[in-house]
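*Asks:* The structure's right below; bear with me while I get my questions together.
The values are calculated or read from the model by the stated rules, or taken from the named source; none is laboratory data. Only a predicted model underlies this, so the values are computations on that prediction, with no experimental measurement involved. We place every Cβ from the backbone using ideal geometry, glycine too, and count neighbours over all the protein chains shown.
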Amino acid sequence: METSSLITFIKPFVFYTFASLAVISAIMVIVSRNPLNSAVMLVLTFFSIAAVYALMGSEVIAVFQILVYAGAIMVLVIFVIMFLNLRPSNLKIQFNHIIRSGIAIVFMLIMFIATMSLLTEGVPFYMANAAKGDITQAVLESQGAFQLFSRALFTEYLLPFELTSLLLTVAIIGVVVLIRGITNTVATKKENFKTKGDGK
Amino acid sequence: MNDMISTKLNEILATNNFGLLAPHLIVSIGAVILMLVSVMSRNAFRNNAVLAIAILCAAFYFALPRDLAQTVTAFNSMVLKDFFSSVEILLFTLTGILVVLISHNYLKKRSTDIPEYYSLLLFAISGMMFMASSADLIMVYIGIEVLSVALYVMAAIDTKDINSTEAGIKYFLMSVFASAFLLFGIAFIYGSVGSTSFSAIKDFAMFNGFNSSHFLYAGVLLILAGMAFKISLAPFHLWTPDVYQGAPLSVTAFLSTGPKIAVFAFLFRFFYQFQNVQPYPELLQDIVVALAVITMIVGNLLALNQEDVKRMLAFSSVTHMGYVMTAFTTHSTEAVSSAMFYFTAYIFMNLGSFALLSVISRDNDKNLNVENFKGMAAKKPLLAFLFMIFLLSLAGIPPMIGFAAKFFIFSSVIHAHMYLLAIIGILNSAVSAYYYLRIIVNMYLKTQNEDTGNNFKEINFAVPEITVVAISFLAVIFLGLQPSFLIQWLSKIVI
Amino acid sequence: MAAGLNVMEITQTHYIVLSVLLFCIGAVGVLVRRNAIVIFLCVEIMLNAVNIALVAFSRGLDQNRGEVFVFFVIAVAAAESAIGLSLLILLYRQKRTLDVDEINSLKG
C-alpha cells in the first residue's frame, strides 16, 4: 500500500520531467546548427520517450526503444554524420526561408490548437466506445509483459511479422545495391585519375 | 502455457488457407531466389529477367479468380481474398511483366545492368499485393513500406547519374514524411475504435457514426492526406515531376502505374466501407471532391508547358489519377469497376508509350525533349504511328481504349448525379489533348533540325520492347473497340 | 486548456498531448530545415510521436495491438534509416552537400 501511494505521488513529477525533456530536446534537434548536435539531442529525446513508455506500463516498448532506436538507428546516424564530416550548416537568413518557415510554423500551430480543442473532453472520453481488451495492468504483471507480447507476435500478428522480415530483406538488398554503386563510382574516379596522371 | 500457444498457432495456421496467398508467396519467394541468382550466376542480369517473367506469369496464373462471389479472410483476419483483390493482383503482375520487358535492354543501354533490380521489382510487387489484399491497417502500413523501400532504391539505381540519386532522395524524404501522417491517422483510428481491422472500423462507424468520434474523423482525414502524398494528388504532388524525370525511364514507367493502383486499391477498400454510414461525413466528401478537381486541373496546367516528355507524362499521370478520383467520389460499385477498367487501360497505354520512349532514349534520357520528336514520322514511320496511337489513347480519343475508360469513369459520375464534376472532368480531358497532340504534331508535321534533333539511327528495337508494344497495341485497339466483355466481368466486383 | 486535464493525475490525455506536440515539432522541423539528414531526424521525431500515441491508446484499451504495431513501426524505421542513410552518402559523394535546396539539377 505504501509503495503504490508513493508511486501515484511520484508519477506526475516523473512524467513532467521526461515529457519536458523530450519536448525541449526535440526543439533542440531542429534549432541546432550542427547536425551532430541534432543527432545527440535526438538520442536524448529517445531516452526520455523510453522513460515515458515505462511510465505507461509498457516495458517491452521501452526496451525496444532504447535497444533499436537509441542503440542502433542513432548510432548509425551519428556514424554517418561523422563519416561525412559535415560542417555546421550556415543558417543564412533568406527572405523566402523566413516566409516558408513562418507558413510552416503557423500551419503546425493551427494543427496543434485544432487537436487540443478536440481534446476538451479528455482523451478517455473519445476512447469510451472503443473495444476493450483483456490485457490489463494486473494481467501484465502476473503473466509477464514480454511473454504476452511475444505470444501475440507469433500467433495473431504472425503475417505482419513475416512481412517485416521481407521488408528487412529488401532493405539489405537495397543497401548492397547503393553502396556497391558508391564504391564503383569511387573506383572509376580513381581509375580516371590514374590514367590522367599517366598521360602527363 | 506452451500447449496453449501451440493450439493457438495451429488455429492461426489451420484456419487460414495458404493457397489464398499463393501469388504473394510466389512473388516474395521468387524475389529472394532472384537475389541469390544475382550473386551466383554469371549472366545474372539476363537470367533474372527471364526468371522474373516466369515468376510473374506463375503468380498471374494463381491469381486468376476461381469463385467470383467468395470472400475469405485468413491469418487472424489480416488478409482477405475476394474478386477485387484478385483483379488488383492480376493488374500488378501484368504491370510487372511489362516493366521487366521494358527494363532489360534499356538498363543495359544505360550500363545499369544490376541484377538485383529485378529482385527489388518483385519485392515492390509483393508489397503491392499485400496492400491490395490486406484487411487490417497494420498490413497496409507494412505493405506500403515494403513497396516504398524497394522504390527508393529503384529510383536511385543508376548510381552514376546524379539525377537518379536526387530522385531517390526526394522520393525518400517525401515518402517518409507522408508515412508519418498515415501512421498518425492509423493511431487515432486505433484509439477511437480499439482495433485496426477494417471490419471492426466499419462496424464502429456504422454503430457510432462519424460525428460522435472526432478521433475517427481526424484519423480518416490524416490517412487520406498520407495516401494523397503517395499517389501525388494535388496539392501533394510537388515531388512527382522531379522524381519521375530523374529516375531511370523503366522505373518511372513502374512508378506511374503500379504503386498508384495499389494505393487506390486500399482507398477503395477502406473508404467504401463507410458508404452506408449515416449521416455520411460532409467534410470528408467535400475534401475528396476538391482533391479530384484540383488534381485534374493542376496536373493539366503543369503538363501544358513541359518540354521534357518524361516530365510531361509525370504530370499527365497526376491528371489521370484525378479522373480516377472523380469516380472515387461517387461511392458506387459502378465506380469501382470503371476505375479498374481505367487502370487496365492506363497500364497498356502508359507502358506502351514508355516502351517506345525507352527505345528512343539516349544519354540518360536527356534527349526526350518535345522538340526532338520533330520529323520522326519520316525517319521511323512505324514507331511514330505506334507512339501516336498510344498518345491518342492517353488523350481519350475514340476508338482507342482511353476513350472507353474515360467514358465509363464519367458515366459512373453522371449516374451519381454529380454533373458539375463530370463536366469539369470532361473539360480537363479536352484540355489534356493539347499536350499529347503537340508531340504528334511535332512527329508528323514538323521537319527536323539536324543539329538538335534525334537522328533515330541508333534505334535498336529488340524483342522485349516489340513484345510490350505489340501487347499494348493490341489491347489498346481491341479493348477500345470491344470494351463490353471486360467491363461486364469487372462489374461483378463487390466491395 | 482541456477540461479533462487534471494536472496531478496522469491520464491518456497527457500522453496524447505530448504526442501531438512532438509530432508538430517534427513536422515543423521537416518543413523548416534544409539539411537532408536533419529532415530525416525530424521524421524520426514524428514517428516517435506516433509511437507514444499508439502505446498510450494500447494501454488505455488494455490491449497489446498498439504495442505490437509500435514494434513493427520501429522495424520499419530501422529499414528505412538504413536505406535513407546510404542514399544520403551516395548524394554526398556526388554533390558534396546535403542541402535539399541545392538538389535541383532537375528543372523542367
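*Asks:* Pairs please, first residue from segment C:73-85 and within 7 Å of chain A (Cβ to nearest Cβ), second anywhere and in a helix (DSSP H, G or I) and of a type in the set (Gly, Ala, Ser), Cβ atoms under 6 Å, 6+ apart in sequence or on different chains.
*Replies:* Listed pairs, sorted by first residue: C:ALA79/A:ALA171; C:ALA82/A:ALA171; C:ILE83/A:ALA171; C:ILE83/A:GLY174.
*Asks:* Report yes if A:GLY71 is under 22 Å from the mean Cα position of the chain (by Cα) and either at pLDDT below 80 or of a type outside the set (A, V, I, L, M) (or both), otherwise no.
*Replies:* Yes, satisfied.
*Asks:* Looking at B:SER126, is it part of a helix (DSSP H, G or I), more than 10 Å from chain A (Cβ to nearest Cβ) and of a type in the set (Ser, Thr, Tyr)? Spell out how you get there, then give the answer.
*Replies:* Values: part of a helix (DSSP H, G or I): yes; more than 10 Å from chain A (Cβ to nearest Cβ): no; of a type in the set (Ser, Thr, Tyr): yes.
Considered against the rule, which asks whether it is part of a helix (DSSP H, G or I), more than 10 Å from chain A (Cβ to nearest Cβ) and of a type in the set (Ser, Thr, Tyr), B:SER126 comes out as no.
*Asks:* Test B:ILE347 against the criterion of being part of a helix (DSSP H, G or I) and in contact with a Phe, Trp or Tyr (Cβ under 9 Å, 6 or more places away or on another chain), and give yes or no. Write out each step before concluding.
*Replies:* Numbers: part of a helix (DSSP H, G or I): yes; in contact with a Phe, Trp or Tyr (Cβ under 9 Å, 6 or more places away or on another chain): no.
Judged against the criteria, B:ILE347 is not a match.
*Asks:* Looking only at segment C:88-108, which residues are in a loop (DSSP other than H, G, I, E, B) and at negative phi?
*Replies:* C:THR97, C:LEU98, C:ILE103, C:ASN104, C:SER105, C:LEU106, C:LYS107, C:GLY108
*Asks:* Taking only segment B:184-200 into account, find how many residues are assigned to a helix (DSSP H, G or I) and under 15 Å from B:VAL79 (Cα atoms).
*Replies:* Number satisfying all stated conditions: 3.
*Asks:* Okay, next question. I'd like to verify a number: residues in segment A:54-68 that are at the interface with chain C (Cβ under 7 Å from one of its Cβ atoms), without any contact (Cβ under 8 Å) to a residue 12 or more places away in the chain and more than 13 Å from the chain's Cα centre (by Cα), how many?
*Replies:* Qualifying residue count for the region: 1.
A quick yes/no check of all residues on (1) surrounded by 24 or more Cβ atoms within 10 Å (Cβ to Cβ); (2) of a type in the set (Lys, Arg); (3) at pLDDT 90 or above:
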site	(1), (2), (3)
B:ASP308	no, no, no
B:THR319	yes, no, yes
B:ALA327	yes, no, yes
B:SER332	no, no, no
B:THR344	no, no, yes
B:MET349	yes, no, yes
B:VAL370	no, no, no
B:ALA377	no, no, no
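*Asks:* Is there a residue being of a type outside the set (Gly, Ala, Ser), in contact (Cβ under 8 Å) with a residue 60 or more places away in the chain and in contact with a Gly (Cβ under 7 Å, 6 or more places away or on another chain) anywhere in segment B:147-155?
*Replies:* Within segment B:147-155, one or more residues are of a type outside the set (Gly, Ala, Ser), in contact (Cβ under 8 Å) with a residue 60 or more places away in the chain and in contact with a Gly (Cβ under 7 Å, 6 or more places away or on another chain).
*Asks:* Looking only at residues in segment A:114-129 that are more than 11 Å from B:PHE215 (Cα to Cα) and in a loop (DSSP other than H, G, I, E, B), which one is farthest from the other protein chains (Cβ to nearest Cβ)?
*Replies:* A:ALA128
*Asks:* Give just the number: which of (1) under 16 Å from B:TYR152 (Cβ atoms); (2) more than 7 Å from chain A (Cβ to nearest Cβ); (3) not aromatic (Phe, Trp, Tyr) does C:ASP101 not satisfy?
*Replies:* (1)
*Asks:* Is it the case that B:ALA405 is among the aliphatic types (A, V, I, L, M), under 22 Å from the mean Cα position of the chain (by Cα), modelled with pLDDT of 90 or more and part of a helix (DSSP H, G or I)?
*Replies:* For B:ALA405, the condition - among the aliphatic types (A, V, I, L, M), under 22 Å from the mean Cα position of the chain (by Cα), modelled with pLDDT of 90 or more and part of a helix (DSSP H, G or I) - is met.
*Asks:* Continuing with the same structure: Could you give me the residue pairs with C-beta distances under 7 Å whose first residue belongs to segment B:236-247 and is more than 11 Å from every other protein chain (Cβ to nearest Cβ), whose second residue is of a type in the set (Val, Ile, Thr) wherever it lies, and which are 6+ apart or on separate chains?
*Replies:* Cβ pairs passing all conditions: B:HIS237/B:VAL298; B:HIS237/B:VAL318; B:THR240/B:VAL318.
*Asks:* Could you check, for segment C:80-87, whether at least one of its residues is acidic (Asp, Glu) and either assigned to a loop (DSSP other than H, G, I, E, B) or touching a strand residue (DSSP E or B) at 6+ places or on another chain (Cβ under 8 Å) (or both)?
*Replies:* Kept after step one, since they are acidic (Asp, Glu), are these residues of segment C:80-87: C:80.
Still in the running and either assigned to a loop (DSSP other than H, G, I, E, B) or touching a strand residue (DSSP E or B) at 6+ places or on another chain (Cβ under 8 Å) (or both): none.
Among the residues of segment C:80-87, not one is acidic (Asp, Glu) and either assigned to a loop (DSSP other than H, G, I, E, B) or touching a strand residue (DSSP E or B) at 6+ places or on another chain (Cβ under 8 Å) (or both), which makes the answer no.
*Asks:* Scan segment B:106-123 for residues that are hydrophobic (A, V, I, L, M, F, W, C), under 27 Å from B:LYS366 (Cα atoms) and within 10 Å of chain A (Cβ to nearest Cβ) and jot them down.
*Replies:* B:ILE114, B:LEU120
*Asks:* Another question, then. Between a first residue in segment B:157-169 that is more than 7 Å from every other protein chain (Cβ to nearest Cβ) and a second residue that is of a type in the set (Gly, Ala, Ser) and outside any loop (DSSP other than H, G, I, E, B), which pairs have beta carbons less than 7 Å apart while being 6 or more apart in sequence or on different chains?
*Replies:* What qualifies is B:ASP158/B:SER164; B:SER164/B:ALA155; B:SER164/B:GLY246; B:ALA167/B:ALA155; B:ALA167/B:GLY246.
*Asks:* Then there's this: Among the residues of segment B:407-423, is any closer than 29 Å to B:TYR444 by Cα and crowded, with 24+ Cβ neighbours inside 10 Å?
*Replies:* No - not one qualifying residue is present in segment B:407-423.
*Asks:* Being more than 7 Å from chain A (Cβ to nearest Cβ), touching a helix residue (DSSP H, G or I) at 6+ places or on another chain (Cβ under 8 Å) and under 22 Å from A:LEU158 (Cβ atoms) narrows it down to one of C:ARG34, C:ARG65, so name that one.
*Replies:* Matching residue, one of C:ARG34, C:ARG65: C:ARG65.
*Asks:* Being β-branched (Val, Ile, Thr), at the interface with another protein chain (Cβ under 7 Å from one of its Cβ atoms) and free of Cβ contacts under 8 Å to residues at least 60 places away in the same chain is the filter here, so list the residues in segment B:179-208 that pass it.
*Replies:* B:VAL193
*Asks:* Same structure again: At least 1 residues that are in contact with a Ser or Thr (Cβ under 7 Å, 6 or more places away or on another chain) in each: list the helices (runs of 4 or more DSSP H) lying fully within segment A:1-87 that qualify. Before the answer, list the steps.
*Replies:* Working: elements: A:2-31, A:35-56, A:59-64, A:74-84.
Helices (runs of 4 or more DSSP H) meeting the threshold: A:2-31, A:35-56, A:74-84.
*Asks:* Something else now. Can you pull out every residue in segment B:438-461 that is modelled with pLDDT under 80 and among the charged types (D, E, K, R)?
*Replies:* Those that are modelled with pLDDT under 80 and among the charged types (D, E, K, R): B:LYS446, B:GLU450, B:ASP451, B:LYS457, B:GLU458.
*Asks:* Can you find a residue in segment B:7-22 that is within 25 Å of the chain's Cα centre (by Cα), buried (at least 23 other Cβ atoms within 10 Å of the Cβ) and not in a loop (DSSP other than H, G, I, E, B)?
*Replies:* No, segment B:7-22 has no match at all.
*Asks:* Same structure again: For segment A:26-45, give me each residue that is within 7 Å of chain C (Cβ to nearest Cβ) and either of a type in the set (Val, Ile, Thr) or surrounded by fewer than 23 Cβ atoms within 10 Å (Cβ to Cβ) (or both).
*Replies:* A:ILE27, A:VAL29, A:ILE30, A:THR45
*Asks:* Being more than 7 Å from chain C (Cβ to nearest Cβ), within 22 Å of C:PHE72 (Cβ to Cβ) and in contact with an Asp or Glu (Cβ under 9 Å, 6 or more places away or on another chain) is the filter here; which residues of segment A:132-158 pass it?
*Replies:* Correct list: A:LEU140, A:ALA145, A:PHE146, A:THR155.
*Asks:* In segment C:60-102, which residues are among the basic types (Lys, Arg) and either modelled with pLDDT of 90 or more or crowded, with 24+ Cβ neighbours inside 10 Å (or both)? Lay out the reasoning, then the answer.
*Replies:* Of the residues in segment C:60-102, the ones among the basic types (Lys, Arg) are C:65, C:93, C:95-96.
Scanning segment C:60-102 gives a single hit, C:ARG65.
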